[in-house]
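Quick notes on the structure that follows.
The values are calculated or read from the model by the stated rules, or taken from the named source; none is laboratory data. Small disclaimer: the values here were computed from a predicted structure and weren't measured. Every residue, glycine as well, gets a Cβ built from its backbone with ideal geometry; the counts of neighbours run over all protein chains shown. Only protein heavy atoms, including side chains, enter the accessible area calculation; ligands, DNA and RNA are left aside. Shrake-Rupley method; radii C 1.70, N 1.55, O 1.52, S 1.80 Å.
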Amino acid sequence: MSRTVPQDEFIDTYKQDHTRAQWSARNALEAAKQENVDPELTDCLQELYDRCVSHSGLLQAYSVAQEQVVDPEVGPADNRLDRNYSSFVAKVETEIDLYGADSARGKAAQKMLGGPLRAPVHTVTNVHREEQESTMGTIIGQLANDFVNEIKTCELEAHFDVLQADFDEFVARMSVDHDAEGPTKQAIAASKDGIRAKMYECIWRIGGAYPTTSEADLRMRSKLLGPFAMQNDRLAEFYSRNGGGQPPEVDPQTGENRADEDAPLPDQPAVEA
């Protein structure tokens with residue numbers, strides 16, 4: 001399983017969830033064993049694969065522990081927060097169109113859009129709830145602490161108050177008592193970060209082992225990093241076709257989408273990848 005991989009392939013890369021990383025690691029590991037590459041590279045890929053398998057187990061245990069304790073109102077609270085956040089960002093963007101980039105309101109809007117509101121809306125709202133809680137908490141905190149004047153200049157105080165209230169309710173609905181036997185959100189997040197760190201380590205180790213434009217290095221890069229590049233291609237296609245959204249997980253054995261249709265998934269009450 002390979003694709004031609006040039007030297008600069010992974011300067012930018014998408015966040016592959018644990019299922020995509022597992023598929024990529026498994027195929028790269030098979031190629032590494034066939035080619036008898038440096039054992040350190042094989043061990044790195046094996047550890048990445050093992051971390052992905054372990055993460056799947058953590059997510060399953062977390063989901064089971066949550067079944068009886070998730071607040072049924074967390075979904076509606078999440079939807080309200082998504083709508084009002086999207087609306088708030090849209091109102092800030094409209095300030096520039098209505099009043100001009102050089103006006104006081106336009107400059108205030110640009111300052112917010114270049115600061116806490118710089119990330120595309122879908123990357124804040126179309127993620128799993130724990131990540132949304134963390135990301136949006138940071139954004140709203142920055143707006144409340146450092147952009148009060150800009151909010152006032154754009155006359156968005158009332159809208160921001162509603163946004164803050166919606167966020168507070170969302171956080172309250174998310175604050176449930178977890179089953180002591182189940183993994184914590186912190187454990188899930190640490191596992192996810194560990195997968196991402198190990199994936200980048202494998203990618204850069206392999207790139208460093210085969211760094212040139214020679215035919216031999218190109219061949220080995222393509223064999224070992226091709227699976228990761230192919231998942232990057234599929235994510236790029238998904239985001240382009242759907243204008244963002246949350247990509248579906250894939251079957252770690254086939255690399256194909258688990259969802260019945262290739263469309264953005266609704267937010268899930270479990271934890272991300």
Does the stretch 79-91 contain at least one residue that is assigned to a helix (DSSP H, G or I) and over 30 Å from PRO248 (Cβ atoms)? yes
Would you mind stating whether ASP166 is part of a helix (DSSP H, G or I), under 29 Å from PRO76 (Cβ atoms) and without any contact (Cβ under 8 Å) to a residue 40 or more places away in the chain? no
Out of VAL127, VAL148, which single residue is within 30 Å of LEU58 (Cβ to Cβ), out of contact with any Leu (no Cβ under 8 Å at 6 or more places or on another chain) and aliphatic (A, V, I, L, M)? VAL127
Residue under evaluation ARG105, criteria (1) within 20 Å of the chain's Cα centre (by Cα); (2) modelled with pLDDT of 95 or more, criterion not met: (1)
When you check ASP50 against the structure, is it under 25 Å from ALA189 (Cα atoms) and at pLDDT 95 or above, yes or no? yes
Going through SER214, SER240, SER222 one at a time, which residue ends up being among the polar types (S, T, N, Q), open to solvent by less than 20 Å² (accessible area, probe 1.4 Å) and within 30 Å of SER24 (Cα to Cα)? SER222
(1) at pLDDT 95 or above; (2) under 30 Å from GLN186 (Cβ atoms); (3) surrounded by fewer than 18 Cβ atoms within 10 Å (Cβ to Cβ) all hold for LEU45 apart from (3)
What do you reckon, is SER86 of a type in the set (Gly, Ala, Ser), in contact (Cβ under 8 Å) with a residue 24 or more places away in the chain, touching a His at 6+ places or on another chain (Cβ under 7 Å) and open to solvent by 20 Å² or more (accessible area, probe 1.4 Å)? no
